[in-house]
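Presented below is the structure to which this report refers.
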Amino acid sequence: MGKLHARIAIGAFIIVSIAVFAFFIAHTEDGAVPEKATESGAPAASLVSVKKTASKGVLTITGSVRTPTPCYTLDAKAQTASTTPPSIRVDLTVPPDDGICLQKSADQPFSLKISGAATAPLFVYLNGETATTTP
């Protein structure tokens, strides 16, 4: 009977030790639970920042798109629209990412150069829809 109680006590001790170890491993030093790896679906970009500078008839358009994870890619294209006055259209495309990635937002940068006037209005589209931008 004594050996049975010893085995039960040792088994209980091992189980409790594993549970305590797992609890401490699952939390970072500041008490936050680490970000989990999950599958990413369609992008839900929440922030588009854009800056336009001009030099000698060349516009440089820089900025970034905030995505839910760092695994998304960003494709950026600019074109001069045939409007009066001429305007600049920037098309930003963030395709779906089907891979597994940490759920931590990331800023995906872009930089474009196009000839045009410094006063040309800038219109930015994200995945085909008008984007709300910040400077």
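Here are a few things to note about the model shown:
- Which numbered condition Ile100 fails, given (1) open to solvent by 50 Å² or more (accessible area, probe 1.4 Å); (2) free of Cβ contacts under 8 Å to residues at least 60 places away in the same chain; (3) more than 14 Å from Ile61 (Cβ to Cβ): (2)
- Tally of residues being over 21 Å from Thr134 (Cβ atoms), surrounded by 17 or more Cβ atoms within 10 Å (Cβ to Cβ) and modelled with pLDDT of 90 or more across the stretch 72-97: 0
- Looking at Ala120, Ala106, just one residue is open to solvent by less than 80 Å² (accessible area, probe 1.4 Å), in contact with a Phe, Trp or Tyr (Cβ under 8 Å, 6 or more places away or on another chain) and of a type in the set (Gly, Ala, Ser), and that residue is Ala106.
- When restricted to residues that are of a type in the set (Gly, Ala, Ser) and more than 25 Å from the chain's Cα centre (by Cα), the stretch 51-77 contains 3.
- Residue count for the stretch 54-71 under the criterion of being open to solvent by 20 Å² or more (accessible area, probe 1.4 Å) and over 11 Å from Leu112 (Cβ atoms): the result is 9.
The values are calculated or read from the model by the stated rules, or taken from the named source; none is laboratory data. Just so you know, these numbers come straight off a predicted model, no measurement behind them. Note: ideal-geometry Cβ built from the backbone for every residue, glycine included; neighbour counts use all protein chains shown. Remember, those area values only see protein heavy atoms, side chains included, never the ligands or the DNA or RNA. Shrake-Rupley method; radii C 1.70, N 1.55, O 1.52, S 1.80 Å.
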